[in-house]
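What follows is one structure encoded as structure tokens, with my remarks underneath.
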Amino acid sequence: MNKIPVFNPNELNQTEQKTNLLGMSKDELGEFFKNLGEKPFRATQVMKWIYQFGVTDFYQMTNLSKKLQEKLDEVACVVPPAVKFKQFSEDGTRKWVFEVAGGSLVETVLIPAEDGKQFGRKTLCISSQVGCALDCSFCSTGKQGFERDLKASEIIGQLWVANQSYMENVPVTERENRVTNVVMMGMGEPLLNYEPVVASMGLMLDDFGFGLSKRRVTLSTSGIVPKMYDLAKDIDVALAISLHAPNDELRNELVPINKKYPLKDLIAAAKAYVYDENPRHKKHVTIEYVMLKDVNDSDEHAHQLVKLLKDLPSKINLIPFNPFPHAPYQRSSNNRIHAFSNILNNAGFVCTIRQTRGDDIDAACGQLVGQVADKTRRAKQWQQKIWQGKIEQQK
């Protein structure tokens, strides 16, 4: 493990006086340049410099006139969220702790392919909120409560910084994007911060932005049903559902948003996403299912899951639970996970078991914890519950 304090000049908060171009869509940048008296095509030029070459200094954008460079330097900036710490795991996983406006901290994790090749697959798990408005019982991220939504610049800035981490000592003209896959699975529920998240994913897909394939950008939701229907209309990305239980009674306990949007409504929305009239859309969803010992991992649960998903084209990803301090659950045994997986595979589903990565730097699924000015009092309630438990044990 390598934990490194990072000095960042962005802490000087340049954005108070200047317009931050990071996170602006092509249309927004076009309007910005129009207001400067420039042609809209300047938007795509600047987008390429920012996202494809990682350039933040307008004077290095060589196809802009000297006059425009000077004007941009006066009124604009390109400022990602400030990196407070970065940690590199022994298995190649990288984690960044970002300070966002207001002083709160959020985390972002990059997981390289197991082969470790320089140009191999690199998947970035991006946060969408400071904390999380939901309170899934098995997730340490949710125990810190919720403060606010992230802005588009703070979301896309996570990807920008991750790409830049591979660009040290690389000449500008030789730079290329190294992050190959993005999953909106970090801190927060993406569909509760809908517009900034969709705008950021648009930049990920844009040929003048990061140019990622629509099959390599995935949004994961716990089941905000109305927004799932909106998503199908607004952008073409892969969809993952944090399911974790095959019946309403258990899911109400593990994923409380299920009380508002029960499984019947959630599966209907997932089917609508798969069978959307737009033929470009993905034809299956990924089902995420965390494996909790003696809670949701029995053969009966597996058969219930088969029945629940029988008419939904889906791939199932089983996630070994990653313990956190005072967690009320334990990880299912490897034998139990494989037995559960076999039932699903024998029923005709494609079922994979996620390999735990980055747990030595608390970067595994469900372990991301930032610094949140909790508006929900959930963090305080969680601490009180822990202390109450300790008192009971001492009696």
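The values are calculated or read from the model by the stated rules, or taken from the named source; none is laboratory data. Keep in mind it's a predicted model, so treat the numbers as computed, not measured. Cβ: placed from backbone, ideal geometry, glycine included. Neighbour counts: every protein chain shown.
Among the residues of the stretch 103-120, those that are in contact with a Lys or Arg (Cβ under 9 Å, 6 or more places away or on another chain) and modelled with pLDDT of 85 or more comprise S104, L105, E107, T108, V109, L110, I111, P112. Here the condition is being part of a loop (DSSP other than H, G, I, E, B) and either charged (D, E, K, R) or within 14 Å of G186 (Cα to Cα) (or both); of L124, L134, it holds for L134 alone. The set of residues in the stretch 97-113 being over 13 Å from the mean Cα position of the chain (by Cα) and not aliphatic (A, V, I, L, M) consists of F98, E99, G102, G103, S104, P112. Just one residue in the set N193, N258 is out of contact with any Asp or Glu (no Cβ under 6 Å at 6 or more places or on another chain) and not charged (D, E, K, R); that residue is N258. When S137 is tested against (1) among the small types (G, A, S); (2) modelled with pLDDT of 90 or more; (3) in contact with a helix residue (DSSP H, G or I) (Cβ under 6 Å, 6 or more places away or on another chain), only condition (2) is not met. Kindly provide the set of residues from the stretch 62-102 that are surrounded by fewer than 17 Cβ atoms within 10 Å (Cβ to Cβ), modelled with pLDDT of 95 or more and among the small types (G, A, S), ordered by number. The one that is surrounded by fewer than 17 Cβ atoms within 10 Å (Cβ to Cβ), modelled with pLDDT of 95 or more and among the small types (G, A, S): S65.
Among the residues of the stretch 68-89, those that are charged (D, E, K, R) and either closer than 17 Å to E154 by Cβ or under 22 Å from the mean Cα position of the chain (by Cα) (or both) comprise K84, K86.
The conditions of being among the β-branched types (V, I, T), in the same structural domain as R215 (by TED's automatic domain parsing), in contact with a helix residue (DSSP H, G or I) (Cβ under 6 Å, 6 or more places away or on another chain) and not in a strand (DSSP E or B) are not met by V161. No other residue among D248, D230, D206, D236 is modelled with pLDDT under 95 and of a type outside the set (A, V, I, L, M) apart from D236. Just one residue in the set V183, V170 is surrounded by fewer than 23 Cβ atoms within 10 Å (Cβ to Cβ), of a type in the set (A, V, I, L, M) and either at positive phi or not in a loop (DSSP other than H, G, I, E, B) (or both); that residue is V183. Please find, within the stretch 121-141, the residue that is surrounded by the most Cβ atoms within 10 Å (Cβ to Cβ) out of those that are touching a strand residue (DSSP E or B) at 6+ places or on another chain (Cβ under 8 Å) and over 14 Å from F98 (Cβ atoms). So, considering only residues that are touching a strand residue (DSSP E or B) at 6+ places or on another chain (Cβ under 8 Å) and over 14 Å from F98 (Cβ atoms), the one surrounded by the most Cβ atoms within 10 Å (Cβ to Cβ) is C132.
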